[in-house]
1. In the chain, what percentage of the DSSP-assigned beta bridges are antiparallel, given to the nearest 5?
2. Cysteines without a disulfide-compatible partner in the chain, using Cβ under 4.7 Å as the rule?
3. If you consider only alpha-carbon coordinates, what radius of gyration and Dmax does segment 90-172 have, in Å?
4. Please work out, to two decimal places, the log10 of the ratio I(q)/I(0) at q = 0.12, 0.16 Å⁻¹ from a Debye calculation in which every Cα of segment 163-305 carries one identical scatterer.
5. Just how far, in whole angstrom, is segment 180-214 from segment 220-262 if you go by their alpha carbon centroids?
6. What whole-number value in cubic angstrom gives the convex hull volume per residue for the C-alpha atoms of segment 1-128?
7. Give me the percent relative contact order of the chain, please, defined on Cα pairs under 8 angstrom at least 6 residues apart.
8. Could you compute Rg(Cα) / (2.2 N^0.38 Å) for the chain, with N its residue count?
Amino acid sequence: MSPMTERVASAPFSGNQLDRLSARREDRAWIELQRQSASARFVVLADGKICVEGTAPERRLSTFPPGHLPPSAEGTPVVFLGCSELTSWFAISAAAGIDPELAGGFEELRPLALELPPEETGIAATARHLFEWHRRHRFCSQCGHETQATSAGWKRLCPSCAAEHFPRTDPAVIMLPVHGDRCLLGRGRSWPEGRMSALAGFMEPGESIEQACAREMREEAGVIATSVRYAGSQPWPFPSSLMIGLIAEVDDTPAQADLEEIAEVRWFTRDEAGRLLDGTHETVQGPTPLGIAHALLELWVNQAW
Ligand SMILES: [Zn+2]
């Protein structure tokens, strides 16, 4: 679904436009019919990488028709991704040793995100998220027995205790604290000197989005939220996050990095933040266009917020 208003940030990986047809996933005969249809297209992953072709700016996902597919890795399902107007989309995870002639090239999804068309980046993100989940959740969390993929790749079933397991998505909050004409960015402890971005952290059980946002800002930067507003979201399939983008008004408590997760925090005026976005700031590199932090900053700088 496209952003509903200009006040919602739009970011890579959020452009999957397929009709997921989730109600058809249990209908094995229908899925099989789609899978064998001449118009079906398969995207192929291997070790978290995705098969692509062409060179920028003409990069596209490599898609394979049925009957011309490399063998799947043992124990991996064929995933039904959904339908576009004329095409049923599937994804497989290829076995090792795939014929390079057949494959095009496998590449990491992260850098590809700005080169593929947004709808294809979204499809690739969905497929990667699902295969990573299958890879990491082979055993039943209730009884330890090996589970089996079912429901066209959207569920795992335990044959021993009958537990059903669904793909997990881990919500994380990512926020831009603002006060008057300034916004606050931080540098993660492992980041190079001069690289700064929005603050972020995983949500915890029993927390609302607003509470998680306020907690992360207080813990990481010592600033106190006075209001928190939703500004858009971004699937982040490395391996299974959903980034919830927020812009948060904070009071005038002095900001201070926690020195555990965050090495340094700094206020930027709207003018300085604009220079972070276009890469002309003298000393600091801002968030890359890959993540929703860039879109949050853009919203605030353009006063589209
Ligand atoms: Zn079980």
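1. Of all bridge pairs located within the chain, approximately 75 percent are antiparallel.
2. Lacking a cysteine Cβ partner under 4.7 Å: C51, C83, C183, C213.
3. For segment 90-172, the Cα-based Rg and Dmax read 15.4, 45 Å.
4. Log10 of I(q)/I(0), two decimals: -0.45, -0.79.
5. 3
6. It is 120 Å³ per residue.
7. Relative contact order here is 19 percent.
8. 1.11
Each reported figure results from applying straightforward, stated rules to the coordinates on display, with no laboratory input. Everything numeric in this text was worked out from a predicted model, so none of it was measured. Methodologically, a virtual Cβ is constructed for each residue, glycine included, from the backbone with ideal geometry; neighbour enumeration extends over all protein chains shown.
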